[in-house]
Amino acid sequence: METLTTCPVCYSRYTHNDHLPLILSCGHTFCKICVSQISKCPLCRKTSTSAATNLLVFQVNSAPSKPCSHSPRYLYCPLCSYALCLECVVYHNLHGVLPLSDSSISPVTKEKLESASKKLKDSNKLIQDTLNRIGLLHNKINIEKEEYVINIKEKIQEVREALDQKELELLEELECMIRPITSKLEGISAEFQAALKFNKAELKYIEDLGKMEIKDQIEKFRTFQVRSINAKIVDPIGERAEEFKGISFDIEKLLLHIKDLGKPEIPLHKKFFNF
């Protein structure tokens, strides 16, 4: 960046007067004073046949670090969407600065607001759709859980007195299998709810801004943020939920070995839920 903003011969910073940046026919740039004192390029030693103002230098130097905070502000930069005072206009000299009274400003501002609003609405739709999927998945898991609970209870009832304690252990283990999925779903749901709340607040600000006069819109215009979450993070949980169907409580084997009850053979391991 330094080589684009200073002359490589005298090391002076380029300006709009004596140190105006001039690009030679060979493609190298030097300030006006240095060019007036040379016949060949100091870098490549080629004979200079022409020189023109290098506008790229001013484009590099024209990027402001922050919006204008001075008053009054009567000008508008359509590239940066900033209201400007006369003092700050030098940082936007190639941005097509317009007076705030210019009729072309309103459509530009409206377009920017509409673009930000569309991004927020699209993000909210994706978040809401994913939240709906989470709800359906949550219900599906709970239904399957209840089916297994009923199945366990029916079989255990045949030998209730001998298997009361084992029944509690099986139900607890079943709960431990389900808990990683539901906990993950609840955590993801909370993140999506937070993102949805944030985007709605941004959208409300945009809608309120759109109802204001153009001067007030410019004064209060800011960069809008869109908070989005990758909806695909729900997919691995859905895959784990499908694998949930593979659980097999071998109760018949327990009945055969009631006097020497061992750990039930359950092919669903904790590694299935290691997200």
Inset, instruction - Return only the number of the condition from (1) of a type outside the set (Val, Ile, Thr); (2) under 20 Å from Arg222 (Cα atoms); (3) over 32 Å from the mean Cα position of the chain (by Cα); (4) part of a helix (DSSP H, G or I) that Lys153 does not satisfy. - result: (2)
Legend entry - Residue list for the range 168-196, restricted to those being basic (Lys, Arg) and exposed (fewer than 12 other Cβ atoms within 10 Å of the Cβ): Arg179
Inset, instruction - Kindly provide the set of residues from the range 1-26 that are modelled with pLDDT of 85 or more and either in contact with a Pro (Cβ under 7 Å, 6 or more places away or on another chain) or assigned to a loop (DSSP other than H, G, I, E, B) (or both), ordered by number. - result: Cys7, Pro8, Val9, Cys10, Tyr11, Ser12, His19, Leu20, Ser25, Cys26
Inset, instruction - Could you tell me which of the residues Leu79, Leu113 is closer than 23 Å to Glu202 by Cβ and either more than 32 Å from the chain's Cα centre (by Cα) or modelled with pLDDT under 75 (or both)? - result: Leu79
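The values are calculated or read from the model by the stated rules, or taken from the named source; none is laboratory data. Note that the structure is a prediction, hence the values are computed from the model and not measured. Backbone-built Cβ (ideal geometry, glycine too); neighbour counts: all protein chains shown.
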